[in-house]
Amino acid sequence: MRKAVFLHVFKTGGTSINQWLAARYRNVYAPEDPARFRSDVLKYRKYIGSHDLITGHIYGDDALRLSATHRVLTVIRKPEAQLMSALWHLFANADSTTSRRPQRFDRDRDSLPALIRVAEQIAVTGAGMQALFLAPSRIDLSDPDQRRAKTEEALQTLSQIDVVGITERMPETIRLFARRLHVSPPWRSPHYRNAGAGRSGLTPELREILKHHLEIDQKLYDAAAKRFERDVSQMTPRRSLWH
């Protein structure tokens with residue numbers, strides 16, 4: 001078994017990967033949050049690196065600090081599905097003086113205005129965007145130069161990650177991860193925490209508000225999908241070899 005760092009990008013199905021990997025490694029380090037891990041990995045790199053598996057919401061450059069001893073893995077999701085899932089999560093888990101909102105997605109007349117308000121709050125800062133896990137510095141999304149720089153930085157980090165999976169092809173992603181880590185794949189692909197929002201897609205109003213999120217993350221997804229197709233094609237034996 002190879003040591004691994006799993007970079008869990010928000011709302012990409014990473015909980016399923018976390019659960020599967022954690023069951024196969026004895027010595028697991030799970031950071032509390034990305035900011036805390038950034039501080040800890042600089043101070044306690046030797047201790048953190050002694051763990052066989054490091055998994056959780058962390059930033060790309062911090063994960064790569066351990067690349068000399070660990071395989072670094074991540075999963076990227078189609079931007080519309082990921083953003084809709086992120087919006088619903090932020091809405092459903094927002095502080096409330098009444099009762100906790102339902103976790104299962106329900107795009108009704110009451111929730112859509114609230115989702116629009118959440119989208120407007122994150123439209124400037126880039127919160128919820130997958131690229132911020134790979135390039136975590138602040139950004140003003142209204143500035144095209146900053147958007148261009150953020151895209152280039154995220155793509156550069158992605159290119160240094162050892163194995164990249166795709167949420168929409170989770171069974172193949174897990175098989176690819178298993179092969180690269182020398183661990184046994186599960187009999188069935190694990191599936192955790194599916195609120196259903198990602199299958200809905202963004203409304204035209206939400207798509208317009210989050211157009212810069214989509215612009216950057218689509219380029220990230222395209223690069224991830226290209227790498228994934230290449231790696232999966234190398235993993236699958238050619239038909240001629242069976243004759």
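Observations on the structure shown:
- Calculated from backbone phi, Karplus (6.51, -1.76, 1.60) coupling profile of the range 5-12 in Hz, x at Gly/Pro: 10, 9, 8, 8, 6, 4, 6, 10
- Computed from point charges on the beta carbon alone (+1 for Lys and Arg, -1 for Asp and Glu), the dipole magnitude for the range 1-94 about its Cα centre is near 340 Debye.
- Largest-first ordering by accessible area, 1.4 Å probe, given options 153, 120: 120, 153
- Label point at residue 45 placed 7 Å out along Cα→Cβ; residues across the range 67-93 whose backbone nitrogen lies under 13 Å: 67-70
- Residue-averaged [θ]222 nm for the chain, counting only DSSP H segments that reach four residues, each worth -39500 (n - 2.57): -14500 deg cm²/dmol
- A run of the chain free of exposed loop cleavage sites, with chymotrypsin sites (Phe, Trp or Tyr not before Pro) counted only in DSSP states other than H, G, I, E and B and at most 13 other beta carbons within 10 Å, reaches its longest extent at 45-186.
- Summary value for the chain: 27 percent relative contact order, contacts being C-alpha pairs under 8 angstrom separated by 6+ residues.
- Remark on residue 140: its backbone amide H falls under 5 Å from none of the residues 5 or more positions apart or on other chains, H modelled at 1.01 Å from N.
- Label-point separation, residue 19 to residue 52 (7 Å along Cα→Cβ), nm: 2.1 nm
- Beyond 20 Å in Cα-Cα separation lie the following of the pairs 3/78; 150/211; 11/211; 43/150; 3/219; 11/46: 3/78; 43/150; 3/219; 11/46.
- If you take the alpha carbon atoms of the range 104-174 and fit the smallest convex hull around them, that volume is 122 Å³ per residue.
- Considering only 25, 133, 87, the residue lying farthest towards the positive end of the dipole of the chain is 25, judged by Cα position with unit charges set on Cβ.
- GNM result for the chain, Cα springs below 10 Å: residue of 12, 173, 157 fluctuating most strongly: 157
- In percent, rounded to a whole number, the relative contact order of the range 1-90 is 47, using alpha-carbon pairs under 8 Å and six or more apart.
The values are calculated or read from the model by the stated rules, or taken from the named source; none is laboratory data. Since the model is a prediction, treat every value here as computed from it, not as a measurement. Quick reminder, even Gly has a Cβ in these numbers, built from the backbone with ideal geometry, and neighbours come from all protein chains shown. Surface areas here come from the heavy atoms of the whole protein model, side chains and all, with no ligands, DNA or RNA. Shrake-Rupley method; radii C 1.70, N 1.55, O 1.52, S 1.80 Å.
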